[in-house]
Every structure is written in structure tokens, then in C-alpha cells.
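The values are calculated or read from the model by the stated rules, or taken from the named source; none is laboratory data. Everything quoted here is computed from the prediction, not taken from an experiment. With ideal geometry, Cβ positions are generated from the backbone for all residues, glycine too; neighbour counts draw on all protein chains shown. Surface areas here come from the heavy atoms of the whole protein model, side chains and all, with no ligands, DNA or RNA. Shrake-Rupley method; radii C 1.70, N 1.55, O 1.52, S 1.80 Å.
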Amino acid sequence: MPDFSDTLVDRLAGADAVAVLTGAGISAESGIPTFRDPDGLWEKFDPQELANVEAFLDNPELVQGWYRHRRQLVEEAEPNAGHRALAELEAHVSELSVITQNVDDLHNRAGSGTVIELHGNITRNYCMDCDRPAEPETVDAAIQDGRPARCPECDGLIRPDVVWFGEMLPPDAVERADAATSRADVFLSVGTSAVVYPAAQFPVEARAGGAYVAEINPDTTGITDEVDESIRAPAGEALPALRDAVSARTTG
Ligand code: BV8
Ligand code: ZN
């Protein structure tokens, strides 16, 4: 049974607003490899070497192929107990915002009502030149023919709708994440190593704003020393246990 305090349960049960930052760790139990754990993504490639515009322009077919591979993993994956517990926790708190670094669409598929996608969504593609959305089938057909996927309208290169290293995060997502963070009475940081910025800033800002901040991660992270409580457990165990404890407290 994951170990968390009564304080956390009380604060969650009494919260007007809760914000939750999630990272690749919450999707690990859905079989989607994280970035920096030993069995990381597509073993032979370092995400930071492929998740940037230079790598893409240098070898569009390789990067489009890597994202197609990851999109297929995501399509075959299912939301796990951690994703579902977050969606169910909404019934027991006044407001719950999920601020995710993940691009795997699993919070949406688990039924969370407010999902703020800081780094985009791998199930969406668009043309780099004319911004038109592109169908995944257009990418799949090109990759199978051994050529880079190009826009049927203007012949521009098609890219995944994700934020690459060195790229700005979508301003509206950052604005919504800032607002959710400043409103939060409780902030949970779940399944993230907290090394990527500006996402890793949110739990720190929440604490500075007076929120009670708890981290759920089997390991220590870049912000372990800066949170009120660390729950050393997998998200798929800790979040359902927290949901049950809050539900027992709120339905009395
Ligand atoms: C920007 C989308 C500037 C693509 C991603 C030096 C110092 C500080 C910052 C920088 C620096 N040099 C460069 C920067 C900025 C850079 C950055 O932060 N780099 C880091 C690596 C040092 N940031 C950027 O470039 C950002 N943009 O700053 O723009 C700018 C400003 C103005 C104008 C123009 C530009 C853009 C960052 C977004 C990059 N895109 N993803 C894709 O997915 O392919 S980031 C990528 O890493 C994913 O989104 C991922 O979510 C994210 C963070 O990783 P985590 O989610 O934390 O995953 P990780 O594997 O690291 O950790 C998993 C954790 O889960 C572990 O702790 C593990 O213990 C735990 N876990 C495992 N199992 C479980 C579990 N937890 C719970 N339950 C389990 N079962
Ligand atoms: Zn185009």
C-alpha cells in the first residue's frame, strides 16, 4: 500500500483546485517506454537527438519514421489505472487540471476533463509550410514507400504536432498551465524526472504560491528536495489509493 500522509488526503478532500503535472512515468504502466529510464525509447536513438528541428530537416524520413513507430505504440496502448484514477478523482474535488508533458493522448482517452498538453500530441500531424493538418495515413503511406511524407496541397514536409527541444511551448497551453498552477491548493507531480523546462517549473511555482506539493515517483527527481511530500510508488498504485482515500473522506 503506497505511503502518503493524512495531510495530503485532507488537503485534496478540501481543495477548491488541484493541478497535476504528469510525465512519461504515468504511461510506463501502459507499456510506453519513458525517455530516461534504462529501457528508453527506441533503444538506439536518444530522443534529444531526434526531437529537434535540425534532426528533422537533416533526415525527415528517419524522424517521421520514429514518430510513426511511437504513434503505433500509443495506438496499441491503453490508459492504465493511474490515468483512470486521475479522471475519477475529478468527481471528488471541485476542480482538477491535468498538465501533461506526455504526447500520448492517454489522459484524453482515460476521460480526464481538463488536459493541458504542454508538448503537443503525437496523434496529430501538420504541414511545416502551410500548417494544414495532415492525416496519419499520408505519413504511413510515404514511409512505406521509403520517401519523406509531404503535404498533398503544397508539398511541404509533414511533422508531428509535438514541441521539439529548442521550440516554444504552445502559448495558450502555458497560459492555462500557469493559471491552474496559481489556483492550485494541492499540486501533484507524477511520473516526471523534472529535468525538462519550462514544465519542471510548475511544481516549484505552485509551492511558492502556497500549494501543498506532493510527488509520485518510484525514484527521486530534480524536485524531490522542493516538495512537501514524496510518495515512492508507481503511479498505477499511488493514484488509485489516493482516489479511494479522498473518496472515503468526501463521501463520509
Ligand atoms: C524551450 C515532445 C526555449 C517531443 C519533449 C539547459 C538547462 C535547462 C534547460 C535547457 C538547457 N538546455 C536546453 C534547455 C531547454 C530544454 C530543456 O529543458 N532541456 C533539458 C533536457 C535540459 N527545453 C526545451 O527545449 C523546451 N523549449 O525551452 O524553448 C525557447 C524559448 C523562447 C523561444 C524559443 C525557444 C521544449 C521542451 C519540450 C521538448 N519535448 N517532448 C517528444 O516527445 O518526442 S520533452 C520530453 O521529455 C517528453 O515530453 C517528456 O515528457 C519530457 C520530460 O521527460 P519525463 O516525462 O520526465 O520522462 P523521463 O523519462 O525523463 O522520466 C520518467 C520518470 O518517471 C522518471 O523519474 C521515473 O522514475 C518515473 N517513473 C518510471 N516508472 C514510473 C514512474 N513514475 C511513476 N510511475 C511509474 N510506474
Ligand atoms: Zn502544406
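The one condition from (1) within 16 Å of ligand 2 (Cβ to nearest atom); (2) touching an Asp or Glu at 6+ places or on another chain (Cβ under 8 Å) that residue 64 does not meet is (2).
Scanning region 192-225 for residues that are more than 6 Å from ligand 1 (Cβ to nearest atom), of a type in the set (Val, Ile, Thr) and not in a strand (DSSP E or B) gives 204, 220, 223, 224.
Does residue 152 satisfy being over 14 Å from the mean Cα position of the chain (by Cα), in contact (Cβ under 8 Å) with a residue 40 or more places away in the chain and open to solvent by 30 Å² or more (accessible area, probe 1.4 Å)? Here the answer is no, as residue 152 does not meet what is asked. For region 176-219, taking the residues that are surrounded by fewer than 18 Cβ atoms within 10 Å (Cβ to Cβ) and of a type in the set (Gly, Ala, Ser), the one that is farthest from residue 3 (Cα to Cα) is identified as 179.
Could we say that residue 173 is surrounded by 14 or more Cβ atoms within 10 Å (Cβ to Cβ) and within 16 Å of ligand 2 (Cβ to nearest atom) here?
No: the conditions fail for residue 173.
Residue-level analysis places residue 230 outside the set of residues that are among the small types (Gly, Ala, Ser) and in a helix (DSSP H, G or I). May I ask you to list the residues in region 220-232 that are more than 13 Å from residue 4 (Cβ to Cβ) and open to solvent by 70 Å² or more (accessible area, probe 1.4 Å)? Of everything in region 220-232, those that are more than 13 Å from residue 4 (Cβ to Cβ) and open to solvent by 70 Å² or more (accessible area, probe 1.4 Å) turn out to be 220, 225, 226. Selection of region 149-180 for residues being of a type in the set (A, V, I, L, M), out of contact with any Phe, Trp or Tyr (no Cβ under 9 Å at 6 or more places or on another chain) and in a helix (DSSP H, G or I) yields 173, 174, 179. Screening residue 72 with (1) in contact (Cβ under 8 Å) with a residue 60 or more places away in the chain; (2) among the polar types (S, T, N, Q); (3) open to solvent by 20 Å² or more (accessible area, probe 1.4 Å); (4) outside any loop (DSSP other than H, G, I, E, B) gives one miss only, at (1). Residue pairs whose Cβ atoms lie under 6 Å apart, sitting 6 or more positions apart in sequence or on different chains, and linking a residue in region 226-252 that is farther than 19 Å from residue 192 by Cβ to a partner that is more than 16 Å from ligand 2 (Cβ to nearest atom) and outside any helix (DSSP H, G or I), are 241/2. When restricted to residues that are out of contact with any strand residue (DSSP E or B) (no Cβ under 9 Å at 6 or more places or on another chain) and small (Gly, Ala, Ser), region 78-109 contains 3. Scanning region 156-171 for residues that are in contact (Cβ under 8 Å) with a residue 60 or more places away in the chain, within 11 Å of ligand 1 (Cβ to nearest atom) and aliphatic (A, V, I, L, M) gives a single hit, 162. Out of all the residues in region 13-23, which are assigned to a loop (DSSP other than H, G, I, E, B) and open to solvent by 20 Å² or more (accessible area, probe 1.4 Å)? Listed by number, the residues that qualify are 14, 16.
Residues checked against (1) at pLDDT 95 or above; (2) crowded, with 18+ Cβ neighbours inside 10 Å; (3) assigned to a helix (DSSP H, G or I):
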{"position": "8", "(1), (2), (3)": "yes, yes, yes"}
{"position": "11", "(1), (2), (3)": "yes, yes, yes"}
{"position": "27", "(1), (2), (3)": "yes, yes, yes"}
{"position": "32", "(1), (2), (3)": "no, yes, no"}
{"position": "38", "(1), (2), (3)": "no, no, no"}
{"position": "41", "(1), (2), (3)": "no, yes, no"}
{"position": "57", "(1), (2), (3)": "yes, no, yes"}
{"position": "62", "(1), (2), (3)": "no, no, yes"}
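Between 102, 52, the distinction of being polar (S, T, N, Q) and modelled with pLDDT of 95 or more belongs to 102 only.
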